[in-house]
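The values are calculated or read from the model by the stated rules, or taken from the named source; none is laboratory data. Because the structure is a prediction, the values reported are computed rather than measured. Quick reminder, even Gly has a Cβ in these numbers, built from the backbone with ideal geometry, and neighbours come from all protein chains shown. In case anyone asks, the SASA skips ligands and DNA or RNA and just uses the protein heavy atoms, side chains included. Shrake-Rupley method; radii C 1.70, N 1.55, O 1.52, S 1.80 Å.
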Amino acid sequence: MSITLSAFSDEAAESAEGQIAAVGRAGLRFLDLRTVDGINISELPIEHAKALRQKLAAANLKVGMFGSPIGKIDIADDPEIDLRRLRHLAELADVLDCRSVRIFSYYNRAGADLEKWRSETFRRFAGLLRVARESALLLYHENELDIFGQMAQQAAEIAAEFGVGADSSLRLIFDFDNYQRAGENIARAFERLQPLTAAFHLKDSVGENHVPVGAGAGQVRPIITRAVADGFSGFMSIEPHLNGSAAPCASGQAFKTCSHADNFSVACAAAVALLKQAGVPSYL
C-alpha cells in the first residue's frame, strides 16, 4: 500500500508562501497546485514555476498533482484550448517534478443528445491522451457536476473506451461529494468503480454546505476504510471547500466567517484523523 496524501493548497492562501506554510503546518509533504500567486497552473509561466520549485524544495514539499481546468469547457468550445493547456503542463512537469494532471469531461450547455455529448467528449479525450502519451503525463478524470462524466455510469464508459491503469495514460478520481450532489448512490458507485479508482478527493457536505471530510453525507469513512482494507494505492487529495460554507465550525461560527488558513487546517486535521481510523499506516 502506497498512499500519497496531498491537499489543494490554494484553499489556504493565494500566495505560494502562504500555501507552503499552510501545508507545512498540516504536516503534509505534498500539495495539489490549482492556482498559485493568483495564476492558474495551466498558465503559470516557466520562470515563475522555477522560482516556485526552489520555494517548495526549501520547505521539503512536492507537487502531488496539477489541478488543471482541462475538460471544464463546453463541447462547442475550441478543443485547442485544452490541448494548449496540456502542452504547457507538459513543460511544467519537468520543472515541478509532477506528471499527474487532474482533468474533466466537458459541459453540454446547448443540450445536445447524449450520444453526441459522449462522442464529442471521447474525440477530445483521444487528443488529450495523445499529448499525454507523448509527454509521459498521467491524466486523472474527476467526476465534476454537469460534465459528461458526472455519474458513475459515464465514468465507467470513459474508462472502458480508453482503458485505465498501467497500460493507459488515464486514471479515475472518485470525488465523494460530487457524486453525492449529482444524486448518485455513492456506495453503489464505488462498488462499480473501485477497480478503476486511482485517486480520491476528500471532500464532504451536509445539504448545500461543505463540512470537514467524514462529517457529511458522502459516506467517506466506510468507503475509505474498505479501500484501505483492499490495499488501495494512489492519491488522496484534501479538497476542503469550507471557505464558502455556512456550516458551523467548532467555535460555532460559520466556516465562511473564519480565515482560509484556519479552515484549511481543520480540513487537513479531519482528513488525517479519518485515514488513521481507516487503518492507513502511513502516507508519503
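Do you know which of the residues in the stretch 232-261 that are in a loop (DSSP other than H, G, I, E, B) and without any contact (Cβ under 8 Å) to a residue 24 or more places away in the chain is most open to solvent (accessible area, probe 1.4 Å)?
To start, the set of residues in the stretch 232-261 that are in a loop (DSSP other than H, G, I, E, B) comprises 232-233, 239-247, 249-253, 258-259.
Going one step further and asking which of them are without any contact (Cβ under 8 Å) to a residue 24 or more places away in the chain, we end up with 249-253, 258-259.
Numbers: 249: 29, 250: 115, 251: 85, 252: 55, 253: 93, 258: 29, 259: 52 Å².
Here the answer is 250.
Kindly provide the set of residues from the stretch 241-275 that are farther than 18 Å from residue 21 by Cβ and among the polar types (S, T, N, Q), ordered by number.
245, 251, 253, 257
Only one residue in 191, 184, 144 is within 23 Å of residue 32 (Cα to Cα) and at pLDDT 95 or above. Which one? Step through it out loud before you land on a result.
Values: 191 fails: within 23 Å of residue 32 (Cα to Cα); 184 fails: within 23 Å of residue 32 (Cα to Cα).
Just one listed residue meets the conditions, 144.
Of all residues in the stretch 95-115 being over 15 Å from residue 155 (Cα atoms) and surrounded by 13 or more Cβ atoms within 10 Å (Cβ to Cβ), which is nearest to the chain's Cα centre (by Cα)?
101
Can you find even one residue in the stretch 159-175 that is open to solvent by 10 Å² or more (accessible area, probe 1.4 Å), on the phi > 0 side of the Ramachandran plot and modelled with pLDDT of 95 or more?
Yes: the stretch 159-175 contains one or more residues that are open to solvent by 10 Å² or more (accessible area, probe 1.4 Å), on the phi > 0 side of the Ramachandran plot and modelled with pLDDT of 95 or more.
What number goes with the only condition from (1) open to solvent by 10 Å² or more (accessible area, probe 1.4 Å); (2) touching a helix residue (DSSP H, G or I) at 6+ places or on another chain (Cβ under 6 Å) that residue 80 does not pass?
(2)
From the list 16, 90, 12, pick out the single residue that is modelled with pLDDT of 95 or more and over 30 Å from residue 269 (Cβ atoms). I'd like the intermediate steps shown before the answer.
Values: 16 fails: over 30 Å from residue 269 (Cβ atoms); 12 fails: over 30 Å from residue 269 (Cβ atoms).
Checking each option against the conditions leaves just 90.
Could you tell me whether any residue of the stretch 108-121 is closer than 20 Å to residue 235 by Cβ and assigned to a loop (DSSP other than H, G, I, E, B)? Outline the logic, then answer.
Taking the stretch 108-121 as the starting set, the residues that turn out to be closer than 20 Å to residue 235 by Cβ are none.
Looking for residues that are closer than 20 Å to residue 235 by Cβ and assigned to a loop (DSSP other than H, G, I, E, B), one finds none in the stretch 108-121, hence no.
For the stretch 223-252, what are the residues that are of a type in the set (S, T, N, Q), touching a helix residue (DSSP H, G or I) at 6+ places or on another chain (Cβ under 8 Å) and closer than 24 Å to residue 9 by Cα?
First, pick out the residues of the stretch 223-252 that are of a type in the set (S, T, N, Q): 225, 233, 237, 243, 245, 251.
Adding the requirement that they be touching a helix residue (DSSP H, G or I) at 6+ places or on another chain (Cβ under 8 Å) leaves 225, 243, 245.
Within the stretch 223-252, 243, 245 meet the criteria.
Being open to solvent by 40 Å² or more (accessible area, probe 1.4 Å), under 12 Å from residue 274 (Cβ atoms), over 16 Å from the mean Cα position of the chain (by Cα) and of a type outside the set (A, V, I, L, M, F, W, C): is that true of residue 188 here?
The answer is no for residue 188.
In this structure, does residue 274 turn out to be at pLDDT 95 or above, touching a helix residue (DSSP H, G or I) at 6+ places or on another chain (Cβ under 7 Å) and open to solvent by 40 Å² or more (accessible area, probe 1.4 Å)?
Working: at pLDDT 95 or above: yes; touching a helix residue (DSSP H, G or I) at 6+ places or on another chain (Cβ under 7 Å): yes; open to solvent by 40 Å² or more (accessible area, probe 1.4 Å): no.
Against the criterion (at pLDDT 95 or above, touching a helix residue (DSSP H, G or I) at 6+ places or on another chain (Cβ under 7 Å) and open to solvent by 40 Å² or more (accessible area, probe 1.4 Å)), residue 274 does not qualify.
Going by the structure shown, is residue 173 in a strand (DSSP E or B) and either hydrophobic (A, V, I, L, M, F, W, C) or within 21 Å of residue 66 (Cβ to Cβ) (or both)? Spell out the reasoning first.
Working: in a strand (DSSP E or B): yes; either hydrophobic (A, V, I, L, M, F, W, C) or within 21 Å of residue 66 (Cβ to Cβ) (or both): yes.
Spelling it out, residue 173 is indeed in a strand (DSSP E or B) and either hydrophobic (A, V, I, L, M, F, W, C) or within 21 Å of residue 66 (Cβ to Cβ) (or both).
State the number of residues belonging to the stretch 1-19 that are farther than 10 Å from residue 64 by Cα, among the hydroxyl-bearing types (Ser, Thr, Tyr) and buried (at least 18 other Cβ atoms within 10 Å of the Cβ).
Counting residues in the stretch 1-19 that are farther than 10 Å from residue 64 by Cα, among the hydroxyl-bearing types (Ser, Thr, Tyr) and buried (at least 18 other Cβ atoms within 10 Å of the Cβ) gives 1.
Select from the stretch 20-38 the residues that are closer than 27 Å to residue 232 by Cβ, open to solvent by 40 Å² or more (accessible area, probe 1.4 Å) and not basic (Lys, Arg) and list them in ascending order.
Within the stretch 20-38, 24, 27 qualify.
Residue by residue through the stretch 194-231, note down the ones that are touching a residue at least 60 places away in the same chain (Cβ under 8 Å) and more than 22 Å from residue 264 (Cβ to Cβ). Steps first, please.
In the first step, residues of the stretch 194-231 are kept if they are touching a residue at least 60 places away in the same chain (Cβ under 8 Å); the result is 199, 202, 213-214, 228, 231.
If the condition is that a residue be touching a residue at least 60 places away in the same chain (Cβ under 8 Å) and more than 22 Å from residue 264 (Cβ to Cβ), then 228, 231 are the ones that fit.
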